[in-house]
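This report refers to the structure that appears directly beneath it.
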Amino acid sequence: MQRSPRAEKYPDLDEIYSQCSGPGALRTAEFVADKIGLREGMRVLDVGIYRGIQTCFLAKEYGCLMVAVDPWLDDFDPAGDGRPFVDHLRRNAERWGVADRVLGLRLGLPKIRFADMSFDAAYSSTAFEMIRGLHGDDEYLASLREVFRVLRPGGVFGLAEPMHRGGPPPVDLEPLVSEGPLPFKKCLATPEQTAEQLREAGFEVLEAGHAPDAKEWWEEFATHDDECRRNPEGNPRMLAVDAGRWISFGYVVGRRPA
Ligand SMILES: C[S@@+](CC[C@H](N)C(=O)[O-])C[C@H]1O[C@@H](n2cnc3c(N)ncnc32)[C@H](O)[C@@H]1O
């Protein structure tokens, strides 16, 4: 696994994954933040934050001013305890000492209504695939266009999400990625397909690919995520059957042309 010096300062993965809902957790955030060159004082839009631990990590480790949006869907709360999501975000921001640098708003793409060119950079991890799976490609594209609109010219967007390695899923995996209210088969695309959608939204694509540690990130998720531990027949079984053949975790870095 690649070194992630900032994420490695927080080694209690059970605790981290109790506040995070995506493979790689803080490692993913560090991987993407480095790709998009986050620096102190930048105004950053974070899309789809769940309990906001990646948001707090970026505020603390990179010194960014984070504006986080999430519709906080009532039926998506894998570790739910009945408290509003914003309470979890606030608690995390206080514990991380970044309450003055994190603002969370209950808003969902593609309608976030900020002024044009409000942000220096945008970040999203393990959220855009939900838009594709729940609402389809048109809304996915509209959401990319909205991120483009609120980025300043020259601003960079780092998008990371579960992706696949191309072609149809292997036959033994097919039923497992086709089940449930939000089947993986509906959510996942390849990095190349995703990059093409960013281009269609106006971005210049700087880089796209599979994260080198995608398999390890998924294994870490299957081991530490609360929902995976509660339901080993769900995602952990799907990931074990796949064994890295089809399911990946990819990223695209896009820039709004200056
Ligand atoms: C799997 S969680 C991951 C969140 C976070 N990045 C993390 O890794 O913990 C995905 C989040 O995306 C949010 N989401 C779903 N649809 C969205 C939309 N249209 N706009 C913004 N966020 C959305 C969900 O509510 C959820 O909190």
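The values are calculated or read from the model by the stated rules, or taken from the named source; none is laboratory data. For clarity, every value in this text was computed on a predicted model and none was experimentally measured. Using ideal geometry, Cβ is built from the backbone for each residue, glycine included, and neighbour counts are taken over all protein chains shown.
Checking residue 87 against (1) farther than 23 Å from residue 114 by Cβ; (2) among the charged types (D, E, K, R); (3) near the ligand (Cβ under 10 Å from one of its atoms), only one condition comes out false. Which one?
Of the numbered conditions (1) farther than 23 Å from residue 114 by Cβ; (2) among the charged types (D, E, K, R); (3) near the ligand (Cβ under 10 Å from one of its atoms), the odd one out for residue 87 is (3).
Collect the residues in region 201-250 that are part of a loop (DSSP other than H, G, I, E, B), without any contact (Cβ under 8 Å) to a residue 60 or more places away in the chain and hydrophobic (A, V, I, L, M, F, W, C), keeping them in residue-number order.
Those that are part of a loop (DSSP other than H, G, I, E, B), without any contact (Cβ under 8 Å) to a residue 60 or more places away in the chain and hydrophobic (A, V, I, L, M, F, W, C): 203, 243.
Working only within region 120-139, note down all residues that are more than 10 Å from the chain's Cα centre (by Cα) and more than 8 Å from the ligand (Cβ to nearest atom).
120, 121, 122, 132, 133, 136, 137, 138
Only one of (1) away from the ligand (no atom under 15 Å from the Cβ); (2) more than 24 Å from residue 119 (Cβ to Cβ); (3) at pLDDT 95 or above fails for residue 43. Which number is that?
Of the numbered conditions (1) away from the ligand (no atom under 15 Å from the Cβ); (2) more than 24 Å from residue 119 (Cβ to Cβ); (3) at pLDDT 95 or above, the odd one out for residue 43 is (2).
Could you go through region 9-16 and let me know if any residue there is part of a helix (DSSP H, G or I), among the hydroxyl-bearing types (Ser, Thr, Tyr) and either within 15 Å of the ligand (Cβ to nearest atom) or surrounded by fewer than 24 Cβ atoms within 10 Å (Cβ to Cβ) (or both).
So far as region 9-16 goes, no, none of its residues is part of a helix (DSSP H, G or I), among the hydroxyl-bearing types (Ser, Thr, Tyr) and either within 15 Å of the ligand (Cβ to nearest atom) or surrounded by fewer than 24 Cβ atoms within 10 Å (Cβ to Cβ) (or both).
Quick one: is residue 34 free of Cβ contacts under 8 Å to residues at least 24 places away in the same chain, surrounded by fewer than 23 Cβ atoms within 10 Å (Cβ to Cβ), closer than 23 Å to residue 226 by Cβ and acidic (Asp, Glu)?
Here the answer is no, as residue 34 does not meet what is asked.
Here's a check for you: in region 140-184, which residue that is among the acidic types (Asp, Glu) and either within 14 Å of the ligand (Cβ to nearest atom) or assigned to a helix (DSSP H, G or I) (or both) is surrounded by the fewest Cβ atoms within 10 Å (Cβ to Cβ)?
174
What is the residue count in region 112-163 for residues that are more than 30 Å from residue 177 (Cα to Cα) and either basic (Lys, Arg) or free of Cβ contacts under 8 Å to residues at least 40 places away in the same chain (or both)?
Number of matching residues: 6.
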